[in-house]
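Some notes on the structure that comes next.
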Protein chains: 2
Amino acid sequence: MADQDTFDLQSFLPYLLNQAAEASSLDFQSVYKGRYGMLRNEWRVLFHLGMYGRLTASDIRDRSGLHKTKISRAVQRLAERRFLTRVRDEQDRRAEHLELTAQGQAAYRDLRKIAKDYDDALAEMLGDEDVAALRRMLLRLAQRVS
Amino acid sequence: MADQDTFDLQSFLPYLLNQAAEASSLDFQSVYKGRYGMLRNEWRVLFHLGMYGRLTASDIRDRSGLHKTKISRAVQRLAERRFLTRVRDEQDRRAEHLELTAQGQAAYRDLRKIAKDYDDALAEMLGDEDVAALRRMLLRLAQRVS
DNA sequence: GCAGATTCGTTGCATGTGTAATAGTTGGAT
DNA sequence: ATCCAACTATTACACATGCAACGAATCTGC
């Protein structure tokens, strides 16, 4: 038949990507969830503020591609728990500047260290494979789409 | 400082994996959603039944790693829309055998063709990179976790 | 100045999700 | 035979999600 093409679900890139992403996400999730009671979006917002300093919600959206409602809700929870502060921009009173508190920075540094170790462990697990090529390909796949 | 380690969120493997997976999933989603009104989990169940024939919900869970409630709900919707039939196992009346209808098989063949083309397009986009190595690494990452 | 379009961020709503509890069935130990 | 543990699949519930609508503030063209 014409459609007895070689097609294996286990080799289909979107499927493989999802499996790998979900596995590593669930695995790493236990860290920030267990230590700080954070959810995935809160961890992401925390990391952006930790890496780039003071940002608005829109800045974070542009950099991360996260949906604005996810950011809004993550910021709300992070503020309640005193991981960040919100300061209204007096030049443009629609915008709010977000900045980590000392507690937020401490959590960021702690989690960053763990993330780095975890990343190293993944790279080591891949052994003699070309991890740099993997990152390069993932980046292209992430940036590519319509 | 000790924690001025080189750490870049954009290179963090779980983050990159998520970005790439979400991008390709959203992109491919438009196909099965647009053509058959299917959701992601329904597409996955359909593919498993299309590739491996008659299976129970537990079989699909073991092969796919999908959560059992996702499978239960996907099967429900696929059955309502006449993509599959459910047959109680008379030897073990807890289990149900799931099988694609002619309509389900037609949808599967159609989507499989599109999936293959899409996969080929992704591979071509990665150009001279080693796509086989990419699949190998993703598979190891997916299988590895705790 | 002013009206309409645009932007920032939040919220209402319908839908999707995982955890835990459930009903029904089977298998195993005594 | 009977009781209890294990298994299959579904459902209830609380929570996360994305879309659309929204209020407030700003910008644009005139």
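Annotation note: trypsin sites (Lys or Arg not before Pro) in the range B:1-63 located in DSSP loop regions with a Cβ neighbour count of at most 15 within 10 Å are B:R54. Near the amide H of B:L84, within less than 5 Å, lie the amide hydrogens of B:A79, B:T101, all on another chain or at least 5 residues away, with H placed in the peptide plane. With 31 Å as the limit, the listed pairs A:K68/B:K70; B:K70/B:K113; A:K116/B:K116; A:K33/B:K68; B:K33/B:K68 have A:K116/B:K116 beyond it between alpha carbons. For the range A:12-144, the calculated P(r), taken from all Cα-Cα distances in 10 Å bins from zero up to the bin holding the longest distance, is 11, 37, 33, 16, 3, 0 percent. In this structure the amide hydrogen of B:L55, modeled in the peptide plane, comes within under 5 Å of the amide hydrogens of B:L98, none closer than 5 places in sequence on its chain. For B:R77, the point set 7 Å out from Cα toward Cβ sits 2.5 nm from its twins in the other copies, listed from shortest up. The chain A residue nearest the rotation axis shared with chain B, using its Cβ and rounding the distance to whole Å, is A:A21, 2.
Considering only A:L46, A:L84, A:L26, the mean-square fluctuation computed in a Gaussian network model of chain A, springs between alpha carbons under 10 angstrom, is largest for A:L26. Heavy atoms of the protein chains alone define the surface here; on that basis the range A:1-75 has 46 Å² accessible area per residue at 1.4 Å probe size. For B:Q91, the point set 7 Å out from Cα toward Cβ sits 7.5 nm from its twins in the other copies, listed from shortest up.
The values are calculated or read from the model by the stated rules, or taken from the named source; none is laboratory data. Here the structure is a predicted model, which is why all the values come from computation and not from measurement. Cβ coordinates were reconstructed from backbone atoms using ideal geometry, including for glycine residues, and neighbour counts include every protein chain displayed. Please note that ligands, DNA and RNA were not included when accessible areas were found on the heavy atoms of the full protein model with its side chains. Shrake-Rupley method; radii C 1.70, N 1.55, O 1.52, S 1.80 Å.
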